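The values are calculated or read from the model by the stated rules, or taken from the named source; none is laboratory data. Just so it is clear, the model here is predicted, and its values are computed rather than measured. Note that each Cβ is placed from the backbone with ideal geometry, even for glycine, and that neighbours are counted across all protein chains shown. The accessibility values were calculated without ligands, DNA or RNA, using every heavy atom of the protein model including side chains. Shrake-Rupley method; radii C 1.70, N 1.55, O 1.52, S 1.80 Å.
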Amino acid sequence: MSTVTEYLTTDLCDAHEDKVRVVEPMFCSYGGRLSFFGRIATLKLFEDNSLVRKAVESAGDGRVLVIDGGGSLRRALVGDQLAALAVKNGWAGIVVYGCIRDSRAISEMDIGVFALDTHPMKTLKRNVGEADISVAFGGVTFTPGEWIYADEDGVIVSSAPLHGPAAVA
C-alpha cells in the first residue's frame, strides 16, 4: 500500500525502460494525492458506474482501480461519494478512461484520481459491465494484478513491481 511516493515515473522509465509500458498523455489529476501506485484492479463499463461502487466498497489494499469507461465524455463515472468510499477502504488511486465529477471535493481527499475530464451528469444505473478483465486504452493493456504508477509526468504500467522490497532489479 502506498501513502507516500518514493519514486518518479521518469526515474522508473529510465531504470526499467524495457519493463514499462507508457500510457499516452491524456489524463488530468483530480485527487488530493498527486502521485500513486499499486496493483491494478479493472472495470470495463459504459456510462454506468454500478460496478464502481461495488469495487470501492471492497478492501482496496493499496490497489489502483482502472476504469475503462470507453472514453465517454457524456457522464461522470466517479464522484465524491465513491471517491470517499475508496479512501475509506484503502484504495491508492483511481484511473478513469472517462469523466469524474465533484472535482473540488475529490481534490481534498487522500487518493489519486486521474481522468480525462469532468462532467456534472451522473451515470445510469443498469448494473452492466465487467470486472477483473484486461482492458486497453491509451496504447496500453491494463491487466489485473500488474502494477501501475502515476504522477505529474504520466502513467506507466509494469508486469512486476519497479521499486520497494518486492521490486525485481
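A few remarks follow.
- Per-region count, the range 107-137, residues touching a helix residue (DSSP H, G or I) at 6+ places or on another chain (Cβ under 9 Å), surrounded by 17 or more Cβ atoms within 10 Å (Cβ to Cβ) and part of a loop (DSSP other than H, G, I, E, B): 4
- Candidate set from the range 8-54 (those that are outside any helix (DSSP H, G or I) and without any contact (Cβ under 8 Å) to a residue 60 or more places away in the chain); member that is least open to solvent (accessible area, probe 1.4 Å): D18
- G60 being in a loop (DSSP other than H, G, I, E, B), over 22 Å from T143 (Cα atoms) and modelled with pLDDT of 95 or more: no
- Scoring L65 on the criteria (1) in a helix (DSSP H, G or I); (2) closer than 23 Å to V140 by Cα leaves a single failure, condition (1).
- Residue within the range 85-93 that is in contact (Cβ under 8 Å) with a residue 12 or more places away in the chain, within 13 Å of N49 (Cα to Cα) and not hydrophobic (A, V, I, L, M, F, W, C) present: no
- Residue, nearest to the chain's Cα centre (by Cα), within the range 68-91, restricted to residues that are under 20 Å from S134 (Cβ atoms) and part of a loop (DSSP other than H, G, I, E, B): W91
- Checking R104 against (1) out of contact with any Pro (no Cβ under 6 Å at 6 or more places or on another chain); (2) open to solvent by 10 Å² or more (accessible area, probe 1.4 Å); (3) in contact (Cβ under 8 Å) with a residue 40 or more places away in the chain, the condition it does not meet: (3)
- When G62 is tested against the conditions (1) without any contact (Cβ under 8 Å) to a residue 24 or more places away in the chain; (2) touching a Gly at 6+ places or on another chain (Cβ under 7 Å), the lone failure is (1).
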